[in-house]
Every structure is written in C-alpha cells, then in structure tokens.
C-alpha cells in the first residue's frame, strides 16, 4: 500500500467538496502507477476501501474520513418512513427493533452478510457503494472491462459465481445483500453535492447495470455523498422474507439470495408483491414475472412454485453457473410461502 | 525380569483395552525403564491434561516467528512471476539497489531462466521497512517472453499439450523428489507409471470375480491454509547463523542450512517459537528460507521474511489434484478378488501426486495392480499435506467399496468385515456403528420430501511412523525444578505438554511442575513433526532420560534412608519406600541433597522393541499401521444442492493415548479439515491466464463455525509393547476417512453418488439432474 494523506471531514459539504472522483473513477487510473495527487476518495467504514488499496487496485493520494461528520449515523422514523443514515453500521441495522419488526427481510439480509467483526464496522452507505467481488475484477493481473480493459474474463473463464441475468458485456453480480432487500422495499437513496443540495433517487435506478456503463455500479457523481437511505412505510399486512444461499453458511457471499415483500388483502389474496433476486445479475434483479404470478392469487404451494419458475424465466446462464437457477427458483418459492405464512409442503425448509 | 547381555525381558500390556488386555514379553535395552501399566493405572499419562500454553494462546501472549524483533531487522519481499510460463529475457535491478532503505537485492531468476507458474520467485529485496521492500519490488524491471502454458490435469495429459518441461529441460526436483521420481519415464507432461505395490495376477483376479464395480473419481487441489504464514528471521553473523523459523523440523532445517551454506552443524542454530499450523508445508527449509539467509548474508543484518496470504496460496505447497480409475472385482460373498488402480495426479511443477498405498494395503486382496502418474502443469509445487496420498486415495477407494457393497446388496460394514484383516478397525467399526446408530440407516434415497438424510462410513490407513534420530535431555536442579529439553517443535499439537506429562509421571510430580524447553537446536536433536510421528518418537526418549535421572536420585535417597534404590518409588511429590510409604522424603528435599547444582541425562528413542517393519535412515515404520473409522450423518437439500454434515463419529487409535484432550482436539481438527476438503475447498486456476483466482481466504472457501457438526471422538487404547511409552501419532489418521464417509452418507441420503470433490451445490444438483434425465 502506498502512503496517503488522511483527512477528517467535519461536514457533508466539506467531504463533497474534497471528493474529486468516485472510487470507480479513481480505479480507472493505471494500477501500475503511483497515485495522482488529485486522487481523493471518501471513506465510511473503510472495509472495501482498505481491501481495494491492499490489493493495489486503488492508490488514493488522500483519504477523507466521513465518520466524524455529525448526523449521519442515526435511524429515524416519521410518517414518510424510515431514514437510515449512511454511517449506520450493518450490526445496528440487523438488530434494530423497527427493522426486525417491519422490514424483516432487510434485517435478515444484513445479518446474513459478512462476519460479526465486519458488520460492526461496515456502514450501510459503504455496503451499497462497495465494488463487486468478481475475482477477475479484484485481480490486478486482469485488466477487465470494468477497470477500463477490453473484455470480461468471466464469459470464457471461471464464472461459477457470476451473473445469470443482465450480463451485458460484464458478468459481475451485485455484492450487497442489503441492496436486494432495499430494492424490494422500494428504498430511495439521498445524495448531497458540494453545494449542499440534496437529491433522492430510487435505489433501483441508482444502481446501474453494465448496459448503461460497464465501469461503474452506481449513478453517484463526483463530488456527491450518499447521506441516507429512505424506506417508505410498510402496511400492517406487509410481510417480508429474505433467504440466502452461499457456498458456506459462515461469513460468505451469496451464490443466490432473494427478498420477497408481500401485501395481502383481508381475504388473503396477494395485493402486491415485490420479488428481488440477489447475486443473480449486476444489479439487484427484479423478478417481475414472478410478481405477476402472485398478484390476485391465494398463495399456496402451487402458486409459489409457479412464481419460482417465473423468477428464472429469461435467465441466460454462463458455462458454469446454471446451477444457480434451481437454487433461485427454490429460494423464491420458499420465501413466498414463508411470507404468505403458508406451510411448506413436506419437510422442505 | 531376566537380564542377559545388555537387554532384558519384560512383560508389557498388550491389545485393545475395550476388547480385553493380554500381556506380551519384549526384550528391551537394559538402560530403559520398566513397562508402563495401562493408562487407568497411571497418574498423569493418558489423562486430559490442559496444554501448558493454553492461557498464553487464548490471550494472545504467545510469541510466533512473526513476533521476533531484532535490532536492525530488515524486511524482505519476493517479486513473483506474473505469468504461468515465461522465459526471463532481461532483469534489471539497478534502480532498486540505489533506492533508499534497500539493503540487499537477490536475483533469483536471471536472464534465460524459465518461470513455470504464476507466483514463481523472480527476485528478492531486503529493506529497512516492509513498505520500502514492497516499493522496491516495483522498481525491478523484468522482460518476460511468454510461453504456452497448461494449468489443468486433463489438458496436460493430451499429446498436443504445451510442455511444462520441454525435451532437454529436467524438472528441478528437491532431493527427496529425485529419490522418488528418478526411475520414472517422462512422456509429454506425464511422468510414470509407478507400479510399486502391485501383486498377484490381476487378470486372473478379475476372471474369478462374480461382480465388478468400476468408476472414475476426481479430487481437487487443496491448500494447507496454515493460519500462521510461512515465516523466517535469519541472522547471518561472522560467528554463525541463527534462524527463527516456523518449521516442522528444527533439526532438519539446521542440517539443510549447514549443507546449503557450507557451515558446520554447530555453527547453525534454528529456533521456533509457537506455531500456527504446518500440515506438512513447513517440513523443509524451502527456497524462501534460503533467500532470507542469502539476503541476511548480503546485508550483514538480520532479515525477516513473512509470506502474505496470496504467497501462501501460490507458493507454499498444496495437496495434489487427482483423477483415479478404480476397478474392483469380488465374489458374490464379498471377498475381493482383484483391485486395480490407475491414477493421474498433478503436483504442479513438482512430483509426488500419487495416492499412496491406500487401495493397495487397506484390504486383503490377493491381486492388486497400481499405475500412478505425475502430470506436470504450470502451477505451484505440491508439498505433503496431512495424510498425503492416502487422503485422496481414500476418497476413491472407500466409495468404490461402498459401490461394491451396494451392488452385492451387502451392508458396507459387513463387506469390510469380510475383507479387512485389522483387529483395530474391527473394534472401531463396532464402537462407531453403535455410537452413530447404524441400525437407523435406511435404503439410499428413502426419505420423502426435499431434504434427505443419510448415514455413511469410511476407513483410514496410515503408517505408525517413528523417527529414530530423536533425543531428549532431562535435568533435575537442586531447587527441585525439573527441565525437559529437546529441539522437537510444537506445530500446534501440544507436544510440550505431553513431554511434561511423561516426565511428571516418572517423578511423581504434576505436569505443571515440569519446565519444558523445546524448539531450539541448542537442545538435543528431536524428530520432525510430520508423518504423525512426534509423540511416537520423542516421548520414549523423554521417559528414558527421566528414568535415568530418577535412578541417580534414587541412589542418593536410598543411601540416606538406608534402603536399596529398587525399594523406592516416586509418587505424589515424594520419594518413598514402597513397602512402607510413610518412610521417605519430599521430592524437593531429595533434590536439595544433590552434590552438584544439577543432574541430567540425555536419552534417545531406541528401535521398537518388537522391531520395525521397515527402517531407512532415520525413518522407521512400526509393525502395525494406524487405523481409524469415521461415521458421518448428513442432510442433503435436493432443491438447493446443499449438503450439511450434521454429525461425525470418529473412532481413532494411536497406540497408548498420551493426552485424550489434545488427541480429541487434533481429531476434531482432522475432521473439520476433512469436511472442508469434502464440501468446500478448491484452488481455482483460470485457463485463459494461468492465474489462481482465489489466492485468498475469501474466495478459497475454508470450513467455518457454522459448518462444524457435532464431532464425537472415540479413542481406542491399543497397547503394543513397542517403546517406553508405546505411543503413536494421530494427526494424519484423523483426516483421511472424513471425505469418503461424507460421500457415502450423501449417497445413502439421495441415492446418487458424487465422485468429484468438492461436493458443492452445483455438483449435487448436476448429479440429481443427471439421474432425473436418466429416469
């Protein structure tokens, strides 16, 4: 790791003013070269940043610490919903009573991520802005499309952990399990620029696929700070479930995960369904056909199975990741049944 | 007791305690102590004594090689090949040498050197800080001419594959490898076949067979993943060389250093503090050890070289990947008539990818043929890893035996009963079957619903190894303190505590009364800690030495009490007269009466009393092998492909168990490593670029706390009457049977056999899918 200047920001606008470029932009610099003097990046928990720096993928000249900025680490609630400050740690989220009660899929998604040590340091903002875990992307030796290179190595390479949807020129999967759940809850992100002007956009639109730009995962502008995540209120009848499968159950990235948010009418019919697949595409992947299969239905095992199959319709697996499809279909089916309070047939779990 | 010449005859406890003990007469050297009774008659040996360094380990106070700090210490880093196969056209270190902070530069790959794998060392730098060394590496200019490469076993076997060692280029092998490999033919990338161990008439054996099973099995490359990285601090001085190293063999490294650098053994000192695992990968000096010493010599200052995690994964050894074809013939009653094994394995650019003697020696079968081959690929060299050969060998053979049982309609335990001559494993099968509840085992795939449960078992075979070059000193000081000294090292297993137990037992003291000094070649040369032979080799030497010191002390005490030395015993911190235990002195009083500040004895490990089966150089093999039978209970989610190991019952033996707590800990480690091997671990190399894609502990999946099942360890007391302690090893035997036991349990759960490691969700789903399409 190279030497860098450590700077503590005291306000959002100060941080935004200092942030000359996003991490994605900074990583397009030649990794063989020392840091450019104007390469300034923001740090929240620093989990991903440190990783990128240790691997030699990012060589900032200055790191601006956001953690001292007041007001960014609170969870507040009013009639418009829940506001989660960007510096709220994953552990705080996973154990927050309101979340556990009304946004269970989000609490479970966060609790399933990383290790206890990391969850105590990692922030929600950093989690949403972390770079993908694709092993070609993380290797200095592979100058891939996302780092400004010519092509994506995954298509003809070791793609067992890669995308089965939406891989237009790049087959990363989005690394955040929190994002899977947040998109299912129609969350928005709040961004503030150097002038202190906020804007808020749906998270689903903020996260961009390779079809829009292969070199970044978000719509974050240079000189912008992600300050909060906004969750709309849930109805009393809303039920949500998050399920994840990883290569191992201890501290691991998803092979596949799914968040299901259901609203049901008093007669038990599904009024509204939101189903999002994680680790399936470069962005959290909305399974709209599966949602359509549920709306207006009494949810039982057969309906849930149909939704599971609909969720993987249109998938284009790569040479080594077709196994993800039955797993995704199963997770969707099980999550739908759990969210509907319908018993699983036989001994499935 | 009868004495003639310098040997005498003694009666030793003999047999398996749970079956019933017998006695056996052995001729033993006159200078060695009388037989120990079975463990239940002992005070300290065989008891679950807590390891002496437990507190230091859990509080972080323990010092490892990476913690060694010396004045003027330099930090070394190694520049490594970014290409899987390349010729170095030019290497320029001028800019580095001028760099501030840089004290020594070593060109490892000069021009025209061929680099054969990503991570092969190219140059090394020692600088005043780690960061300066790191920065200096970037100033080394190397021109590489890329060469065609091959990184997978199947492609490397093809006749048109790029050659790792083109004609005229010889594999650069270590001395040990040359011994193994010199006689074998090299064709393309394939070296072999090695047909050692074949016996009988294989064609006739298959002609006699009424049932034949035949399958291919694959095992992956597994890395050692020592939590403590490879580390060395080398301090070259005019008056000699001192090296601190995380090593499994201090005395061996001293010998290698003396030979490599033209020094006398007495001029080289090797020390090791605590270790965080080795698993076979820290058995030798290694090239990195040599580089550290060369840098120290060049810089005239101590040099510290510590691998980072990527270096651990790329260049510290691994367990070879294998492809095995097994064909087994049997009569309808289950008696084996023929076993044939064809194997191709890859140890990267090295050799040693065979699968050992497992299929050859586990079952009594008159006809056996073996052909094992090394296939070179452009990847880091293997090194021995916990049960080398036999661990991948067991995965194939123990599944094939279950396949045969299935085809014959026999219980797998019954089939083994008919073919396995080992009395130890017979008792282990009995105990294990009882504990796991084998009678609950149902037909394969019998459960309704998507989650299926299954029971499986597999057996283990490992040599009871002994290193006869093993010495130990025991000292008694005037204040009553007792020291035990040997260069033997604790690679994490707790041998220091076991030595304390052995000496404490002899003196009638508590283990905590004994001060243990190990891991330093200034002490009598101890054995290596590989081959599961540390305890077998050093504990008899320690007891012999303690007994000698005790005799000296007894002579003195006897004189003062007016009795004969033979009338005395040491127990409960006192030395007393056996017939009248009220007469005696405290141990401390006895020591205070010493004429000199200390008395001491150095003793060695003699040959096994009943002789060895083989003995080459310092290395010997006992008459009987180590057994081991493991049972696994799994659940398989057939919709997600997830295998959960719910429970493992490991029934093991290691001669006389010295410390059940430490043994259980090792067995649990062996089982966890086996689960990791079975379900998770795999080195992944990209065929486009030759790079290892998971040279870290994030994408290289190691078993974690949530994968840990209930592990029950059942331990046999197997008395052989072979040495002053009669102890043998446990480390490797506990790792061998786990993966095949799980695989057999998976078959019992889902009715589909997984013949490839690791058994990932992808593999499970593909196997189930294949069955669906077949039906």
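The values are calculated or read from the model by the stated rules, or taken from the named source; none is laboratory data. These numbers come from a predicted model, not from an experiment. Reconstructed Cβ throughout: ideal geometry from the backbone, glycine too, with neighbour counts over all protein chains shown.
Out of all the residues in segment B:640-653, is one or more within 14 Å of chain A (Cβ to nearest Cβ), over 24 Å from residue B:413 (Cβ atoms), crowded, with 24+ Cβ neighbours inside 10 Å and modelled with pLDDT of 95 or more? Within segment B:640-653 (the criterion being within 14 Å of chain A (Cβ to nearest Cβ), over 24 Å from residue B:413 (Cβ atoms), crowded, with 24+ Cβ neighbours inside 10 Å and modelled with pLDDT of 95 or more), the answer is yes, since at least one residue qualifies. Residues of segment B:245-268 that are within 26 Å of residue B:105 (Cα to Cα) and either surrounded by 24 or more Cβ atoms within 10 Å (Cβ to Cβ) or within 17 Å of the chain's Cα centre (by Cα) (or both): B:245, B:246, B:247, B:253, B:254, B:257. Annotation: residue B:449 fulfils all but one of (1) touching a strand residue (DSSP E or B) at 6+ places or on another chain (Cβ under 7 Å); (2) within 14 Å of chain A (Cβ to nearest Cβ); (3) part of a loop (DSSP other than H, G, I, E, B); the unmet one is (1). Listed conditions (1) within 14 Å of chain B (Cβ to nearest Cβ); (2) modelled with pLDDT of 95 or more; (3) farther than 25 Å from residue A:329 by Cα; (4) in a loop (DSSP other than H, G, I, E, B) are all met by residue A:121, apart from (1).
Scanning segment B:278-300 for residues that are surrounded by 21 or more Cβ atoms within 10 Å (Cβ to Cβ) and part of a loop (DSSP other than H, G, I, E, B) yields a total of 8. Between A:154, A:184, A:145, A:194, the distinction of being within 27 Å of residue A:332 (Cβ to Cβ) and out of contact with any strand residue (DSSP E or B) (no Cβ under 6 Å at 6 or more places or on another chain) belongs to A:154 only.
Assuming residue B:633 fulfils every condition listed in (1) within 14 Å of chain A (Cβ to nearest Cβ); (2) outside any loop (DSSP other than H, G, I, E, B); (3) touching a helix residue (DSSP H, G or I) at 6+ places or on another chain (Cβ under 7 Å) apart from one, which condition is it? In the conditions (1) within 14 Å of chain A (Cβ to nearest Cβ); (2) outside any loop (DSSP other than H, G, I, E, B); (3) touching a helix residue (DSSP H, G or I) at 6+ places or on another chain (Cβ under 7 Å), residue B:633 misses (1) alone. Hey, any hits in segment B:269-284 for a residue that's modelled with pLDDT of 95 or more and either more than 22 Å from the chain's Cα centre (by Cα) or not assigned by TED's automatic domain parsing to the domain that holds residue B:78 (or both)? Yes; the residues of segment B:269-284 include at least one that is modelled with pLDDT of 95 or more and either more than 22 Å from the chain's Cα centre (by Cα) or not assigned by TED's automatic domain parsing to the domain that holds residue B:78 (or both). Within segment B:575-606, the residues that satisfy the criterion of being surrounded by fewer than 17 Cβ atoms within 10 Å (Cβ to Cβ) and closer than 19 Å to residue B:481 by Cβ are B:586, B:588, B:589, B:592, B:593, B:595, B:596, B:597, B:598, B:600.
All of (1) under 20 Å from the mean Cα position of the chain (by Cα); (2) within 14 Å of chain B (Cβ to nearest Cβ); (3) part of a loop (DSSP other than H, G, I, E, B) hold for residue A:283 with one exception: (2). Checking B:78, B:16 one by one, the residue that is in contact (Cβ under 8 Å) with a residue 24 or more places away in the chain, within 31 Å of the chain's Cα centre (by Cα), under 30 Å from residue B:541 (Cβ atoms) and crowded, with 17+ Cβ neighbours inside 10 Å is B:16 and no other.
For residue A:126, the requirement of being in contact (Cβ under 8 Å) with a residue 24 or more places away in the chain and on the phi < 0 side of the Ramachandran plot is met. Only one of the numbered conditions (1) part of a strand (DSSP E or B); (2) touching a residue at least 60 places away in the same chain (Cβ under 8 Å); (3) surrounded by fewer than 24 Cβ atoms within 10 Å (Cβ to Cβ) is violated by residue A:334, and that is (1).
One line per residue, one yes/no per condition, for (1) under 20 Å from the mean Cα position of the chain (by Cα); (2) closer than 14 Å to residue A:333 by Cβ; (3) within 14 Å of chain B (Cβ to nearest Cβ):
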position	(1), (2), (3)
A:238	no, no, no
A:244	yes, no, yes
A:248	yes, no, yes
A:251	yes, no, yes
A:256	yes, yes, yes
A:260	yes, yes, no
A:265	no, no, no
A:269	no, no, no
A:273	yes, yes, no
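Of the residues making up segment B:661-672, one or more are closer than 26 Å to residue B:729 by Cα, within 14 Å of chain A (Cβ to nearest Cβ) and modelled with pLDDT of 95 or more. Residue check: residue A:221 meets all listed conditions (1) within 14 Å of chain B (Cβ to nearest Cβ); (2) touching a residue at least 40 places away in the same chain (Cβ under 8 Å); (3) in contact with a strand residue (DSSP E or B) (Cβ under 9 Å, 6 or more places away or on another chain) but one, namely (1). Name the residues in segment B:75-101 that are in contact with a helix residue (DSSP H, G or I) (Cβ under 6 Å, 6 or more places away or on another chain) and in a strand (DSSP E or B), would you? Scanning segment B:75-101 gives B:75, B:76, B:77, B:79. For residue B:764, indicate whether it is in contact with a strand residue (DSSP E or B) (Cβ under 7 Å, 6 or more places away or on another chain), under 26 Å from residue B:648 (Cα atoms) and more than 14 Å from chain A (Cβ to nearest Cβ). In short, no.
Table: residues versus (1) within 14 Å of the chain's Cα centre (by Cα); (2) away from chain B (no Cβ under 14 Å); (3) touching a residue at least 24 places away in the same chain (Cβ under 8 Å).
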site	(1), (2), (3)
A:161	no, no, yes
A:164	no, no, yes
A:167	no, yes, yes
A:174	yes, yes, yes
A:178	yes, yes, yes
A:181	yes, yes, yes
A:186	yes, yes, yes
A:195	no, yes, yes
